[in-house]
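K.L.:
One structure, pasted below without further comment.
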């Protein structure tokens with residue numbers, strides 16, 4: 001397969017401006033007014049970073065993808081000067097093939113626009129497939145989820161043209177099934193694959209003896225803004241799909257003007273396409289340099305790949321005789337040593353939370369009697 005050059009957070013980011021997420025400074029902080037608003041500061045910082053990277057990394061290809069996607073929606077919804085959609089067409093004809101097929105008996109101009117819309121949709125998918133090679137599998141899942149939601153709203157509107165108003169319980173089946181497919185594929189499959197690939201990437205490639213460096217790496221690889229955009233895409237997809245189905249659901253003779261629903265369909269559809277580009281772009285931008293395939297841990301296990309297991313705690317050992325020591329390393333990389341004055345514990349060099357005694361930075365081995373630094377009781381890969 002032809003190799004495709006990808007932009008990444010670890011390589012291209014350094015070439016672009018030397019800016020990382022943790023380096024972005026906000027002109028104001030909501031936390032200064034209310035400490036409970038600190039999570040908003042973190043989210044605003046991420047969106048500021050994403051905006052900077054989009055302005056530097058996105059170019060003609062991304063603009064073409066969004067443009068062709070927008071064109072596919074507009075061409076499929078265009079009815080000005082035609083009236084095919086507004087009139088409801090001939091509801092006695094239906095299907096794609098045969099002399100009596102409804103698709104072949106629509107207005108000639110409408111048929112041409114429909115065919116152009118199909119071509120634009122194919123081009124949109126092909127460009128996404130080419131531009132984001134690491135996300136191809138996830139692209140397929142998201143496209144299936146999109147189709148499921150759209151078909152779900154069509155099914156619900158087929159039995160209740162004013163859905164969700166004036167409906168019975170059975171009318172919600174299409175909507176419910178479509179969104180269950182969406183949630184499963186977008187959240188359980190795609191979101192989980194990206195999150196777990198990020199976790200493996202940071203744990204394997206950003207280990208360091210200094211826990212502060214590791215914490216910064218986790219911050220630089222945060223996916224909060226990306227996750228929120230994925231959720232927003234799901235919501236906007238639902239709004240667009242509902243409006244599109246609602247616009248064509250009335251039975252002839254049609255008395256109400258459905259133009260507003262067509263506009264809602266096109267507007268939210270175009271925005272959702274832009275969000276989809278971001279959802280596919282950012283994981284590749286962040287993880288592409290490492291060559292990591294974006295898959296869940298379970299998918300890697302099924303494929304026979306080795307997946308490192310995270311230990312909750314690891315015991316230190318004497319560097320002289322290798323006997324177990326009293327020092328332990330937690331999962332977050334912090335090291336704890338028992339207090340010499342009480343039953344408390346803490347990080348070396350800090351005050352004990354129980355008696356305020358300074359936690360020793362050296363440990364005497366109970367086996368060989370040697371006195372060594374706490375850090376020497378862990379290998380370099382463990383001491384982060």
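The values are calculated or read from the model by the stated rules, or taken from the named source; none is laboratory data. For clarity, every value in this text was computed on a predicted model and none was experimentally measured. FYI the Cβ positions are ideal-geometry reconstructions off the backbone, even for glycines, and counts take in every protein chain you see.
K.L.:
Does residue 110 meet the test of being touching a helix residue (DSSP H, G or I) at 6+ places or on another chain (Cβ under 6 Å) and modelled with pLDDT under 85?
P.N.:
Answer is yes for this residue.
K.L.:
Return the pair list, or none, for Cβ contacts closer than 6 Å from residues in the range 179-200 that are closer than 13 Å to residue 144 by Cβ to residues that are assigned to a helix (DSSP H, G or I) and modelled with pLDDT under 95, at least 6 apart or on different chains.
P.N.:
The qualifying pairs are 190/138.
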